[in-house]
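Chemist: Could you have a look at this structure, given as structure tokens, before my questions?
The values are calculated or read from the model by the stated rules, or taken from the named source; none is laboratory data. Since this is a predicted model, take the numbers as computed values, not measurements. In this analysis, Cβ positions are derived from the backbone assuming ideal geometry, glycine residues included, and neighbour counts consider all displayed protein chains. Just so you know, the surface numbers come from the protein's heavy atoms only, side chains and all, with ligands and any DNA or RNA stripped out. Shrake-Rupley method; radii C 1.70, N 1.55, O 1.52, S 1.80 Å.
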Amino acid sequence: MNSAARRIGRTLALVLPVVLVLSGTLAVTRVPWATTATDSQVLTASTGSAAKAAHLAPEEALRQRLLVELQEKDPGTALTHLQEATTKRPSLAKHCASIARDLGRAAVAKYGAAHRAQAFSRPVCDTSFATGVAAAQ
């Protein structure tokens, strides 16, 4: 009887950890936040711009998008979209001032004169856009 109990104990000691690891792995792959194999994307080291774009922080992605929008349209539109973005995502509010300053600098670079860039000033993020315009002179 004693040897049978030992044999069962040894078997459980070997099999139970394997079963627990496998069931835990399967449980984690079935949660809704885990990506499926079709959704995942494999990036290699040669995909430089794709890898950088995928790893941008939300505020950096917003900054780049607004700077492109400023070049394509005007600073007023970019400032309006900055205000909308900070209203929708309050976590971006702490980055609003630095983004607005960058928009001010980019506006001076686009128009070549501070007074032309300042014409688009809005009360977004206090006076950060105006600070960026003044710093670019």
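Chemist: Quick check, is residue 30 under 20 Å from residue 137 (Cβ atoms) and either modelled with pLDDT under 90 or open to solvent by 50 Å² or more (accessible area, probe 1.4 Å) (or both)?
Modeler: Working: under 20 Å from residue 137 (Cβ atoms): no; either modelled with pLDDT under 90 or open to solvent by 50 Å² or more (accessible area, probe 1.4 Å) (or both): yes.
Against the criterion (under 20 Å from residue 137 (Cβ atoms) and either modelled with pLDDT under 90 or open to solvent by 50 Å² or more (accessible area, probe 1.4 Å) (or both)), residue 30 does not qualify.
Chemist: Looking at (1) of a type in the set (Ser, Thr, Tyr); (2) out of contact with any Leu (no Cβ under 8 Å at 6 or more places or on another chain); (3) at pLDDT 90 or above, which one does residue 77 not meet, given that it meets all the others?
Modeler: Just one mismatch for residue 77, condition (2).
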